1. Hey, among Leu165, Leu160, Leu184, Leu118, which residue is in a helix (DSSP H, G or I), modelled with pLDDT under 95 and surrounded by 15 or more Cβ atoms within 10 Å (Cβ to Cβ)?
2. Answer yes if at least one residue in the stretch 68-85 is of a type in the set (A, V, I, L, M, F, W, C), within 21 Å of Ile139 (Cα to Cα), modelled with pLDDT of 90 or more and not in a strand (DSSP E or B), and no otherwise.
3. Tally up the residues in the stretch 189-220 that are at pLDDT below 75 and surrounded by fewer than 14 Cβ atoms within 10 Å (Cβ to Cβ), please.
4. Go through the stretch 52-62 and give me each residue that's over 15 Å from the mean Cα position of the chain (by Cα) and buried (at least 19 other Cβ atoms within 10 Å of the Cβ).
5. Sort through Leu126, Leu103 and tell me the only one that's over 21 Å from Ala37 (Cα atoms) and part of a strand (DSSP E or B).
6. For the structure I just gave you, tell me whether Leu144 is under 21 Å from Pro31 (Cα atoms) and assigned to a loop (DSSP other than H, G, I, E, B).
7. How do the pairs read when you match residues in the stretch 50-61 that are farther than 12 Å from Ala159 by Cα and modelled with pLDDT of 95 or more with residues anywhere that are in a strand (DSSP E or B) and of a type in the set (Phe, Trp, Tyr), using Cβ under 7 Å and keeping only pairs 6 or more apart or on different chains?
Amino acid sequence: MPPSPSVRPALSSPRLLLTGFGPFPGAPRNPTAEVVARLAEPGVGRRLGVEIVPHVFPTTWTAIDDLAALLDAVRPDLVLHLGLKRRATAIAVEAVGRNRVTLAAVDAEGRRPMAPTLDAAAPPRLAVTLPVGRIVARIAGLGLAVEFSTDAGRYLCNALLWRSLRLAGRRPTGFLHLPPTRDLAGPGCGFTATDLARATAAAIEEIVVRRRTVGPAVPA
C-alpha cells in the first residue's frame, strides 16, 4: 500500500520519492532495493538536503499500475527511480522513457505484457526532467563508471520511467540504471553496493542543487 500523505512545514526540505525494484527472473537479488534502504536510513536524507520517501516495487507489470496512487499519497517534489541492468558495466543515467515494451518480457510472477506499447494514444518518447549531464559528471567525479543513456530498454524499468514522466507535470523525474554488484556478476564486476549507494547519493545532491538554482517549479 502507498504511504499516507503527511503534512510538511512550509520551509521543509523537498520530498524525494526514491524507488527500486525487487527480484525478477535472472536476478534473485536486486541491489536497487538495498540502495533504497541504505539511503532511507535516518539522517541520510537530511545530509543530502531532502526528505527521502523509499518505495520498492515488486518487479511485476501489475505493481507499476499503482504508481499514480503512490504519487498521490507521497506528493513528492522530486522523483528518482532505480533499476537493475543485469549485464551493465557502468551506471546508466537515463535521458528518455519510451512508449514500448517487448511481449517476451516475463515479470516476477511469470506474466507478460498485453501490448507492445504502454499507451497507444500517447507520445512515443518522453524526456527525463533531471539534469542528466550534470548527474553523469557528478558520478564520474567519484571515480565510478557512468554513461549517458537514451535507451532504458523494453522491460519494467523503462515502463516505470515512461509512466512516471507522463504523470510528472513540472516535477523533476528521472531514472538510474544500476549494474549488478560483485556478488551477482562475479569478481569481474567493479561495483559494490556501497558504490551504487554513493552514486545514487551524488545524483540526489545534484538534483537538489539544480532545484535550488532554477526553483521548485521549473524542470531541471
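1. Result: Leu184 is the single residue among Leu165, Leu160, Leu184, Leu118 that is in a helix (DSSP H, G or I), modelled with pLDDT under 95 and surrounded by 15 or more Cβ atoms within 10 Å (Cβ to Cβ).
2. no
3. 5
4. Residue satisfying the conditions is Trp61 alone.
5. Only one candidate qualifies: Leu126.
6. It is true that Leu144 is under 21 Å from Pro31 (Cα atoms) and assigned to a loop (DSSP other than H, G, I, E, B).
7. Val56/Phe21; Phe57/Phe21
The values are calculated or read from the model by the stated rules, or taken from the named source; none is laboratory data. Please read all numbers here as calculations on a predicted model, not as lab measurements. Backbone-built Cβ (ideal geometry, glycine too); neighbour counts: all protein chains shown.
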